[in-house]
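Worksheet: the structure to be examined is printed underneath.
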Amino acid sequence: MDTYGKISKPFWDDKPVAIVGGGPSLVGFDFERLRGAHVLAVKGSIFDIPWADAGFGLDMPRYHEWRDKLANVQSRVYWAVPEDQLQKTGAPPSKNVTFLKRLPGENLSDDPSEIYGGGTSGFGAVQICLHKHAKTIVLFGYDYDGAYDAHTGFRHNDQHYGKKRAQNFANWEAWARHFSIYIPYLNDNGIRVVNACPASAITCFQKVTLDDGVALLGARKQNA
């Protein structure tokens, strides 16, 4: 079990957190606009935002594809790995990569060494922020509609993905519904999650425009 680490300080309760996914709604977006907030980059976005506070993923084929690249990222990278995959992955490739135990199903663990998968890295990324004590979270690129863009593919950063694996629309619909599991915990703990993708298939969080999502980060930053 020494292969697993845990999420620890520094915590992110001092200013808002931006979680950056891969949805095509971020085509052409300037990530410099997120500076000043805490930033958690999900999967391919890890390579788009080298200055992010941390990166996260739980997709094992992508881990094997990117293992050497992740070892050279300057940010802390959390990767949620199922116990039955540890023999295949071996130890983390470098000190900046921390393995967390990936649990099956849609739930929320209070153990900072564990993450429930919920079907997608975007689902698990919200748990990273909760373990980091975030109070305001803004989701970027959380389209979850399976949309395909003729220029970028299924993601704004498809260039980082070697083998492209399309998912059908029904999968995205199901994954989007999984986020509702967070609502009771968020309400009980006074945590706000806002989705800066108005067309997102995730309906359980307040939706705002991309620009308003950025403004929300800035407004909280100035008042912090």
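Take the residue pairs LYS9/LYS135; LYS6/LYS207; LYS6/LYS101; LYS43/LYS207; LYS69/LYS132; LYS43/LYS101 and return only those whose Cα atoms are more than 19 Å apart.
Correct reply: LYS6/LYS207; LYS43/LYS207; LYS69/LYS132.
Each residue of segment 1-58 gets 102 Å³ once the volume of the Cα convex hull is shared out per residue. Accessible surface area normalised per residue over the chain is 46 Å², counting heavy atoms of protein chains with a 1.4 Å rolling probe. Surface listing: LYS101, LYS6 arranged by accessible area from highest to lowest gives LYS6, LYS101, probe 1.4 Å. Other residues within the sphere of radius under 15 Å centred on the Cβ of GLY5, judged by their own Cβ, net out at +3 (K and R +1, D and E -1). Ordered by solvent-accessible area of protein heavy atoms (1.4 Å probe), largest first, the residues ILE181, ILE46 come out as ILE181, ILE46.
So how much slack lies between PHE11 and THR203, counting 0.36 nm per residue of separation and subtracting their Cα-Cα distance, in nm?
66.4 nm
With Rh defined as the Kirkwood radius, the inverse of the mean 1/r over Cα pairs, the Rg/Rh of segment 13-93 is 1.00. Expressed as a whole percent, the accessible area of the chain that falls on carbon and sulfur atoms is 47 (1.4 Å probe).
For ASN195, the residues whose modelled amide H falls within less than 5 Å of its own, excluding neighbours fewer than 5 places apart on the same chain, are LEU139, GLN206, LYS207, VAL208.
Taken about its Cα centre, the chain carries a charge dipole of roughly 380 debye when the Cβ of each Lys and Arg holds +1 and the Cβ of each Asp and Glu holds -1. Amide hydrogen proximity for GLY55: with H placed 1.01 Å from N in the peptide plane, the residues at 5 or more positions away or on another chain lying under 5 Å are ALA41, ARG76, VAL77, TYR78. From the largest down, the chain spans 44, 40, 31 angstrom on the principal axes of its Cα atoms. What the phi angles of segment 35-48 give under the Karplus curve with 6.51, -1.76 and 1.60, with θ = phi - 60°, is a coupling list of 4, x, 9, 6, 10, 10, 9, 9, 6, x, 5, 4, 8, 7 Hz, glycine and proline written as x. Restricting attention to the chain, close to 5% of DSSP beta bridges with both partner residues there are antiparallel. Taking θ as phi - 60° and the Karplus parameters 6.51, -1.76 and 1.60, the scalar couplings of segment 15-22 work out to 7, x, 10, 9, 9, 10, x, x Hz in sequence order, x denoting glycine and proline. Within the shell defined by Cβ-Cβ distances under 14 Å, the residues around GLN206 carry a net charge of +1, with Lys and Arg each +1 and Asp and Glu each -1. Summarising the label geometry, the points placed 7 Å from Cα in the beta-carbon direction at THR3 and GLN85 lie 1.1 nm from one another. A 1.4 Å probe over all protein chains sorts CYS197, CYS204 by accessible area into CYS204, CYS197, starting with the largest. A 1.4 Å probe, protein heavy atoms only, puts the accessible area of GLU106 near 80 Å².
3J(HN,Hα) along segment 82-89: x, 4, 6, 9, 4, 5, 6, 7 Hz, from the Karplus curve 6.51 cos²θ - 1.76 cosθ + 1.60 with θ = phi - 60°, whole Hz, x for Gly and Pro.
A simple spin-label model places pseudo-atoms 7 Å from Cα toward Cβ; at GLN74 and TYR185 they are separated by 3.1 nm.
With the charge dipole of segment 68-141 set up from +1 on Lys and Arg Cβ and -1 on Asp and Glu Cβ about the Cα centre, the Cα lying farthest toward the positive end among the listed residues VAL73, LEU100, GLN85 is that of VAL73.
Between GLU65 and SER113, the distance separating the two model label sites (each 7 Å from Cα on the Cα→Cβ line) works out to 3.1 nm.
The values are calculated or read from the model by the stated rules, or taken from the named source; none is laboratory data. Every value quoted in this text rests on a predicted model; they were computed, and no experiment measured them. For neighbour counting, all protein chains shown are included, and Cβ atoms are generated from backbone atoms with ideal geometry for every residue, glycine included. With ligands, DNA and RNA removed, areas are computed over all heavy atoms of the protein, side chains included. Shrake-Rupley method; radii C 1.70, N 1.55, O 1.52, S 1.80 Å.
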